[in-house]
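To start, the structure itself, in structure tokens.
Quick note: the coordinates plus some simple rules give every number you see, no bench work behind them. Here the structure is a predicted model, which is why all the values come from computation and not from measurement. No Cβ is skipped: glycine too gets one built from the backbone with ideal geometry, and neighbour counts run over all protein chains shown.
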Amino acid sequence: MKIEISQGDITTTHVDGVIVGLCEDSGQLGPATSAVAAVDALLGGAIRTLLDSKGAKGKAGEVTVLHTLGRLPCRLVAVCGLGPQSRVTTDGVRDAVAEGSRALRKLGATSMAATLIGAGAAGLDDRAVARAIAEGATLGLYSFAKYKLSEVGDMERLVIVVRNSGDASGLQEAVATAVVLSEATNLARDMVNEPANYMTPSRMAEMALDLGSTYGFEVTVLGKEEMATLGMGALLGVASGSAEPPKFIRMDYTAAGGDAARIALVGKAITFDSGGISIKPSEGLAEMKDDMAGGAAVIATMSAVARAGAPANVTGLVPATENLLGSRAYRPGDVLRAMNGKTIEVISTDAEGRLALADAMSYAVKEGLAPLVDVATLTGACQVALGKTYSGVFSNNQELADRFLGAAARAGERMWQLPLADEYRELNKSLIADIKNVGNRHGGAITAALFISEFTGGVPWLHVDIAGTSNSAKDNGVIVKGATGVAVRTLYELVRSS
Ligand code: BES
Ligand code: ZN
Ligand code: ZN
């Protein structure tokens with residue numbers, strides 16, 4: 001989709017569809033100068049009538065599509081609810097534009113326009129709104145059609161109509177950032193939506209190599225032998241039940257001064273999690289192709305950071321393997337030795353993500369990287385605790401946690417901190433090894449985080465559990481059914497702020 005910023009009047013813009021925002025509480029269409037009032041006037045008061053008859057209320061998430069029947073150059077007008085005017089945010093605009101774009105596409109529109117919704121009476125910043133509109137459209141119109149014979153029509157053009165061209169370059173820059181971020185999010189979505197028979201550890205490594213040469217970061221891929229030499233016994237334990245070779249993907253992006261800290265972004269990449277010998281029930285098992293969403297988020301973030309030329313040093317680490325139950329598979333009761341020398345008693349082969357991360361974190365510590373941030377579809381318990389909208393955040397360093405939560409808020413992603421409760425540390429104690437890979441029935445997201453913390457060597461570290469948020473059962477604003485690409489935009493903001 002091509003995104004243009006154009007000075008002019010939305011009522012005379014030649015596109016298939018126009019998106020206008022409608023606030024909930026005013027009972028009016030806002031100032032006569034607003035886009036919705038101007039469009040309403042040309043439609044003979046159709047939007048006003050809708051409001052009066054309660055056919056539209058302006059609630060967030062609501063979309064009503066009107067057919068203009070020749071009264072405007074555009075064929076369709078999507079009236080998108082923004083909620084109460086005093087509470088309109090850029091997050092709300094992003095979601096409203098996503099909903100409106102999908103509604104227009106459904107009716108065959110291939111071009112659309114919007115004004116800087118929310119920048120008028122609601123008082124939002126012009127650049128922030130331009131970015132939200134571009135993100136809303138790019139994220140909201142995402143679809144994964146690779147394996148379908150019939151494809152949905154594509155939106156080819158989005159025009160952001162502004163009244164004056166005073167800040168043209170600022171707005172262009174905001175749109176450029178939006179494109180980098182939403183395309184990276186959509187790349188992560190593509191990787192996660194791919195089936196596990198395509199998105200193998202080798203394919204993930206190939207994609208990282210390709211992206212590295214396109215956008216400018218170094219990629220090193222370690223195979224089984226190199227992992228063995230490094231002593232990555234935990235990751236190799238997980239990989240032992242699959243014929244698909246595991247890969248440890250390292251990506252280095254360097255654009256800050258020599259002495260500057262080098263942040264590590266670590267992503268769990270189990271390309272299919274059957275549970276191993278502790279096999280999962282068959283219901284919902286197909287969803288376990290998503291278990292590499294953390295790794296996909298890290299690879300996609302590296303591409304965004306490099307594409308934007310962010311002034312930072314970043315290393316991405318992705319331990320990638322399947323978790324199957326072949327004849328060489330590791331067993332419950334086995335003891336594995338991680339790269340930092342700690343021994344782990346395997347209670348469940350389904351708690352494999354923390355094993356893969358144990359070696360990745362040990363590797364990051366040995367390389368002197370700091371801070372460490374890992375993203376993982378780690379526990380069903382986190383999904384039970386926070387549901388499917390909020391990702392769980394854990395950290396051994398409150399300053400890092402605050403920075404991360406600030407980045408999430410700027411990115412418009414919902415994240416919630418949970419305690420790294422020292423009181424529960426003893427639940428991971430093993431009779432025969434240094435640690436075991438499962439706590440007990442309660443606080444499963446916390447004991448999983450505590451397990452990872454044992455491999456961080458005291459370095460500032462933050463863990464994001466995206467088990468609940470990596471995929472969605474329905475379209476909702478910028479979230480579309482299937483993979484969400486969660487964490488890419490937050491990680492990017494974090495890197496930019498460091
Ligand atoms: N990949 C799963 C976690 C998961 C669950 C992701 C649901 C997405 C949706 C992880 O490897 C796992 O199986 N965790 C177990 C841990 C348990 C055995 C301690 C879980 O959460 O049940
Ligand atoms: Zn598992
Ligand atoms: Zn898993």
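Things to note:
- Take 248-256, 334-342 and order them by the average number of nearby Cβ atoms within 10 Å per residue, most first; the result is 248-256, 334-342.
- Dipole magnitude of the chain, debye to nearest 20 (Cβ charges: Lys/Arg +1, Asp/Glu -1, about Cα centre): 700 debye
- Stretched out straight at 0.36 nm per residue, the stretch from S202 to T33 would grow longer than its current Cα-Cα span by 55.2 nm.
- Calculated FRET value between A256 and R71, using beta carbons and R₀ = 56 Å, to 0.05: 0.55
- Summing +1 for each Lys or Arg and -1 for each Asp or Glu among the other residues whose beta-carbon sits under 12 angstrom from that of T490 gives +3.
- Phi angles across region 379-392 convert, under the Karplus curve 6.51 cos²θ - 1.76 cosθ + 1.60 with θ = phi - 60°, into 3J(HN,Hα) values of 9, x, 4, 5, 5, 5, 5, 10, x, 9, 10, 9, 7, x Hz, Gly and Pro given as x.
- Ordering of 98-108, 42-52 by burial proxy (mean other Cβ atoms within 10 Å per residue, highest first): 98-108, 42-52
- The chain: translational diffusion in µm²/s, Stokes-Einstein, Kirkwood Rh over Cα pairs, 37 °C, 0.692 mPa s: 139 µm²/s
- Computed lengthening from K106 to E225, 0.36 nm per intervening residue step minus Cα-Cα distance: 37.7 nm
- Relative packing of peptides 212-222, 29-39, 86-96 - highest average C-beta neighbours within 10 Å first: 86-96, 29-39, 212-222
- Annotation: amide H of S430 within the under-5 Å range of I435, K436, sequence separation 5 or more or interchain, hydrogens built in the peptide plane.
- Theoretical gain in end-to-end length, D334 to E426 [0.36 nm per residue, Cα-Cα removed]: 31.1 nm
- Structural size metrics of region 1-126, computed from C-alpha coordinates, are Rg and Dmax of 13.1, 37 Å.
- Among A306, V79, N340 - extreme Cα towards positive end, dipole of the chain, charges at beta-carbon: V79
- Per-residue [θ]222 nm for the chain (sum of -39500 (n - 2.57) over DSSP H runs n ≥ 4, rounded to 500): -11000 deg cm²/dmol
- Long-range HN-HN contacts of A269 with modeled amide H, under 5 Å: G295, T321
- 3J(HN,Hα) couplings calculated from phi for region 428-441 with the Karplus curve 6.51 cos²θ - 1.76 cosθ + 1.60 (θ = phi - 60°) are, in sequence order, 8, 6, 10, 5, 10, 10, 5, 7, 10, 8, 9, x, 10, 5 Hz; Gly and Pro show x.
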